[in-house]
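Written below as C-alpha cells is the structure these notes are about.
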Amino acid sequence: MKIFEKASTASKKAFLNYGIVILFFVIFQTLVSTGNISSALKGQLIPIACYMIMAISLNLVVGISGELSLGHAGFMSVGAFTAVIVSSSMTNSSDVSSLIVSIIVAAVIAAVAGFLIGIPVLRLNGDYLAIVTLAFGEIIKNILNCLYVGIDEKGVHFAFNNPAALAMSATGKVIINGPMGAVGIRKISTFIAATILLLIILIVIQNLVNSRTGRAIMAIRDNRIAAESMGLSPMKYKMLAFTVSAAMAGAAGAVYALNYSTLVPKKFDFNTSILVLVFVVLGGIGNMTGSIIAAGVLVVLPELLRKFSDYRMLVYAIVLILVMLVTNNEKLKGKIDTFFKKLRMKLSKGGRK
Amino acid sequence: MKKKLLSLILAGAMVMAMAGCTGNTEPTTPATSGAEGTEGTAATGDGALTGTLKLGVIGPLTGGAAIYGNAVVNGTQIAVDEINAAGTGFTIELQAQDDEHDAEKSVNAYHQLQDWGVQAIAGTVTTSPCIAVSAEANTDRVFMLTPSASATSVTEGKDNVFQLCFADPNQGSASAQYIYDNKLATKVAIIYNNADAYSTGIYQTFKAKAEELGLEIVSETTFTDDTTDFSVQVGDAQSSGADLVFLPIYYTPASLILKQADSIGYAPEFFGVDGMDGILTIEGFDTSLAEGVMLLTPFSADATDDLTKNFVEKFTEKYGEVPSQFAADGYDCAYAIKAALEFYAAKNGGLDVTDLSAEELCEILISVFTDPEFSADGVTGLGMVWDVNGQVNKEPKAVVIKDGVYVGM
C-alpha cells in the first residue's frame, strides 16, 4: 500500500510537470496566434524552452547523479554547431525534416562528446570533478574557436587553422568561420518543435529517474560505498546520467542555434554554464518542476527589468541573492511548512466532518 | 545570524562594485524636447521634413564591450540633441537598449524596441549581435544603419542593412595596400585575437591582400580575450625579424603588446586599425609607448574642420572625455538618416515621418541610400555614399600618434 502511494506521488509530480509545459505552450501559443503578445516575449519563447531543457538535463547530473558539472554549455555548443552543419548540408529538404534530423544528429554527437569527456571526468569526485568539467567546457569552446567548416558540391570540409585550408571549390560556402562563428543559419526552429522536444526530454528524464536505473543512480549519489557493495557499478551509472544529460543539452543547443541566424562559440562560455546551474540551484536541486519554472522566470526577468536601464543587471543580481537567502532560510522554511501542515490538517479535519 | 548579515552586506557591496564597472553614463532618456506641436501635420508640399522619428540604438551598454556601446549612444545623443534643438519641425526620439554584446540579448533588445514602436535602428554596435538582429530586421522590414559592425555578413543578402563604418575586408586590404604603397615594411608580423570575429575578419583579408602584393608575413601569432601576457607573441615577432607589427585588434590588448615590446627593447613600427582608436584614453597607460603607432581610422578628434570641432567640443562638454571613433560613428548615423529623409522630402514635396510605419520608412530609406545621387557628410568622412550591398564608400585616413595626439599622415 505504501509503495503504491509513493509511486502515485511520483507520477503525480511527473504529470504536474507535463501539465505545466503543456499549459505554458497553450497559453503562449494562443497569445501568439491572437496577436496579444509583445514581440519581446514572442522572440524569447524558443530560447526559454531551450533553457528549460538545459536546466532539466543539468538537473539530471547535479540533482539526480549528484555531480557538480560546470561545463554544461560545452555540450550545448557541440549540439548547436552540429545542428548548423547538418541543417546547412540539408538545404534541399523541408524545414521540418531538416530540424528533426539536426536535433537527432546534434544529440548523438553531444552524447559522444559527453561519453568521451565522462571517461576521465567521472573518475573524480566533488570539487575536482567540478573543476575538470569547467576545464572541458572551456576546451570545447576553444576548439570550436579554431574550427572552420565549409560546404561545396563535394561535401563538407573541415579545417583547424584557417578558412583557406578548407580547399573548397569556387562555389563552396564557409558555414563555420572560426571565432566569427556561423552566419546565415537557416531559421527553422519553431515554438511547437521546442515544446515537443521539451516534453519528450521531460518524459525521458522522469521515467529514467523512476526506473531501476534511476534508483541505482540515486543510490550511488547517496552512498557510493553502500551502493558498490550491493553490486552497482558507479562508473556505469554515472556515465549513463552524464551521457544522457549531454545528449539532451545537445538537442537544446540544436533548437537554440536554429532560432538565430548567427552563432559564435563565445556564447557558450563559463557564464552560460553558470546561468544554467543557477536555474537548477534556484529551482531546487533534483526538482524538475523547480528547474522548469526557474529557467522560465530567470530568462524573462532581465528583459522585464529593462526599465531600470543601467541598473538592470544590478537589480537582477539582488533578486537572485534575495531568492537564495529566502529559500535557504530555515526559519522561514519552517514557517511555510507549518503553515501548509496546518492548512492540510484543517482541510483533512474538515473533510472528515 | 551575524554571519548571514555580514555575507549579505558583502554580497551587496560586490554587486555595487560590479555595477560600477558598467560605465558611468547617465541612463539615456528619450529626447522629447519641443516640437510636440508639429506632430500630425501632413506633408506640406514645400519639401520640408517634419514629424518625430523614433530611432532605436542597440549596443553593449554593460559588460566587456560597454565602452563601444556607450560611446555610440552618447554620440547619437549629441546628434539628436542638436537636431531637436534646431527647431526645423523634425525631431528624433531616441531609445537605447543594452545587448551585453550577445546575439541572443540583442534580438531581445530589438524586440523591446519594436514594442516601443521603433521606426529605424542605428545599430547594432558590435558585429555578431548585428548579424542576428539584421536577419530579424530583414524579415520585419526595419531599416538598419550600423555605426560600427564591420563584418560583411552584416549586410550580405539584406537590402535593408547599411554600414556607416568600413567593412572588414576594406580595412584589412586597405591596411595592406597602405603599408605596401608607403613601403613601411618588408617583413610583417601579425598578432590577432582568434576568439574575436572582428580581429579574425581583418586578419584574413589583410593576409590575402598582403600575399597578393608580395608583402612577406614572417610571424602570425594569436591570443584570446583573456590573455594578459603577450611575451610569446611579441617575442616571436622579434625573433623572426619583423620590422612592422600589424595589430588588427582592440586597444586594450594593443596597449599590453606595446608595453611588452618596450620591456624587451623591441621597437618595430606598429600599425593598427580602427579598434586601436582609444589607446590614448586608457587610464594608467604611458602614452609615450604609443609614440609612432600608425592606425587606419575614419575619424580623428583633432581634425580642424568645423564639423569635427563642433562635435568634439559638445561631446567633451557633456561627457567629459574626447569622443572616440565609435561616438563619431553614432553621431554620423543620426545625421545620415536625417539627411536621407531630407533628400526624400525634397524630392517628393515634403515628408512627415510621425505616422509612417517602420516598413514604409524602410522602403523610403533603402531607396535613398541606394540612390547614386545621395551622399551624406559627417565627422567620419565627407561625401559618404553607399552601394547596393549596403557598404559605405569613404576615404580611410591614416593617422600616426605624435606627442600623445593623433596626427594625420
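The values are calculated or read from the model by the stated rules, or taken from the named source; none is laboratory data. Worth saying up front: this structure is predicted, and the values here are computed from it rather than measured. Virtual Cβ from ideal backbone geometry, glycine too; neighbours counted across all protein chains shown.
Among residues belonging to region A:164-200 that are in a loop (DSSP other than H, G, I, E, B) and within 11 Å of chain B (Cβ to nearest Cβ), point out the one that is modelled with the lowest pLDDT.
A:184
Just one of the listed residues (A:319, A:244, A:299) is assigned to a helix (DSSP H, G or I) and touching a Pro at 6+ places or on another chain (Cβ under 9 Å), namely A:299.
The condition of being within 14 Å of another protein chain (Cβ to nearest Cβ), in contact with a Gly (Cβ under 9 Å, 6 or more places away or on another chain) and assigned to a helix (DSSP H, G or I) does not hold for residue A:292. Within the option set A:84, A:61, being more than 26 Å from residue A:187 (Cβ to Cβ) and part of a helix (DSSP H, G or I) holds for one residue only, A:61. In region B:141-174, the qualifying residues are those that are hydrophobic (A, V, I, L, M, F, W, C) and away from chain A (no Cβ under 14 Å), and the one that is surrounded by the fewest Cβ atoms within 10 Å (Cβ to Cβ) is B:174. Among the residues of region A:293-305, is any more than 30 Å from residue B:62 (Cα to Cα), modelled with pLDDT of 90 or more and within 15 Å of the chain's Cα centre (by Cα)? The answer is no, given that none of the residues of region A:293-305 is more than 30 Å from residue B:62 (Cα to Cα), modelled with pLDDT of 90 or more and within 15 Å of the chain's Cα centre (by Cα).
If you check A:125, A:161, which single one turns out to be over 27 Å from residue B:134 (Cα atoms) and within 12 Å of chain B (Cβ to nearest Cβ)?
Selected residue: A:161, the only one of A:125, A:161 that is over 27 Å from residue B:134 (Cα atoms) and within 12 Å of chain B (Cβ to nearest Cβ).
Of B:254, B:267, which residue is outside the structural domain of residue B:336 (by TED's automatic domain parsing), surrounded by 14 or more Cβ atoms within 10 Å (Cβ to Cβ) and farther than 30 Å from residue B:336 by Cα? Only one candidate qualifies: B:254.
Results for (1) crowded, with 24+ Cβ neighbours inside 10 Å; (2) within 26 Å of residue A:327 (Cα to Cα), shown as yes or no for each residue.
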| residue | (1), (2) |
| --- | --- |
| A:214 | no, no |
| A:227 | no, no |
| A:235 | no, no |
| A:262 | yes, no |
| A:272 | no, yes |
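Go through the residues of region B:91-98 one by one and say whether even a single one is in a strand (DSSP E or B), away from chain A (no Cβ under 14 Å) and β-branched (Val, Ile, Thr). Yes, the conditions are met somewhere in region B:91-98. Of the listed requirements (1) touching a His at 6+ places or on another chain (Cβ under 6 Å); (2) at pLDDT 90 or above, residue A:40 misses just one: (2). Do you know which of the residues in region B:222-238 that are touching a strand residue (DSSP E or B) at 6+ places or on another chain (Cβ under 8 Å) and more than 13 Å from chain A (Cβ to nearest Cβ) is surrounded by the most Cβ atoms within 10 Å (Cβ to Cβ)? Selected residue: B:237. Scanning region B:361-382 for residues that are assigned to a strand (DSSP E or B) and at pLDDT 85 or above turns up B:376, B:377, B:378. Among the residues of region A:77-95, those that are more than 29 Å from residue A:138 (Cβ to Cβ) and touching a residue at least 40 places away in the same chain (Cβ under 8 Å) comprise A:91, A:95.
In region A:256-272, the residues that are farther than 18 Å from residue A:44 by Cβ and more than 9 Å from chain B (Cβ to nearest Cβ) reach residues that are surrounded by fewer than 24 Cβ atoms within 10 Å (Cβ to Cβ) and of a type in the set (Asp, Glu) with C-beta atoms within less than 7 angstrom, at least six apart or across chains, in these pairs: A:270/A:138. For region B:175-217, taking the residues that are aromatic (Phe, Trp, Tyr) and closer than 14 Å to residue B:273 by Cβ, the one that is surrounded by the most Cβ atoms within 10 Å (Cβ to Cβ) is identified as B:206. When B:267, B:261, B:242 are screened for being of a type in the set (Gly, Ala, Ser) and either within 24 Å of residue B:150 (Cβ to Cβ) or in contact with a strand residue (DSSP E or B) (Cβ under 6 Å, 6 or more places away or on another chain) (or both), only B:242 passes. Of the residues contained in region B:66-81, none is found to be within 13 Å of chain A (Cβ to nearest Cβ), in a helix (DSSP H, G or I) and among the hydroxyl-bearing types (Ser, Thr, Tyr).
In region A:51-58 there is no residue matching the filter, namely being of a type in the set (A, V, I, L, M, F, W, C), surrounded by fewer than 23 Cβ atoms within 10 Å (Cβ to Cβ), closer than 13 Å to residue A:253 by Cα and within 14 Å of chain B (Cβ to nearest Cβ).
Residue check: residue B:101 meets all listed conditions (1) touching a strand residue (DSSP E or B) at 6+ places or on another chain (Cβ under 6 Å); (2) crowded, with 24+ Cβ neighbours inside 10 Å but one, namely (1). Sub-9 Å Cβ pairs linking a first residue in region A:127-140 that is more than 11 Å from residue A:270 (Cβ to Cβ) and of a type in the set (Asp, Glu) to a second residue that is modelled with pLDDT under 95 and not in a helix (DSSP H, G or I), at least 6 apart or interchain, are A:127/A:68, ordered by first then second residue. The conditions of being in contact with a Lys or Arg (Cβ under 7 Å, 6 or more places away or on another chain) and among the hydroxyl-bearing types (Ser, Thr, Tyr) are not met by residue B:148. What is the residue count in region B:115-132 for residues that are at the interface with chain A (Cβ under 9 Å from one of its Cβ atoms) and either in contact (Cβ under 8 Å) with a residue 60 or more places away in the chain or at positive phi (or both)? Residues flagged as at the interface with chain A (Cβ under 9 Å from one of its Cβ atoms) and either in contact (Cβ under 8 Å) with a residue 60 or more places away in the chain or at positive phi (or both) within region B:115-132 amount to 3.
Any residue at all in region B:229-241 that's within 18 Å of residue B:291 (Cβ to Cβ) and either assigned by TED's automatic domain parsing to the domain that holds residue B:293 or within 24 Å of the chain's Cα centre (by Cα) (or both)? Looking through region B:229-241, at least one residue is within 18 Å of residue B:291 (Cβ to Cβ) and either assigned by TED's automatic domain parsing to the domain that holds residue B:293 or within 24 Å of the chain's Cα centre (by Cα) (or both).
Residue by residue, here is whether (1) on the phi < 0 side of the Ramachandran plot; (2) surrounded by fewer than 19 Cβ atoms within 10 Å (Cβ to Cβ); (3) among the polar types (S, T, N, Q) holds:
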| position | (1), (2), (3) |
| --- | --- |
| A:232 | yes, yes, no |
| A:246 | yes, no, no |
| A:276 | yes, no, no |
| A:286 | no, yes, no |
| A:291 | yes, no, yes |
| A:315 | yes, yes, no |
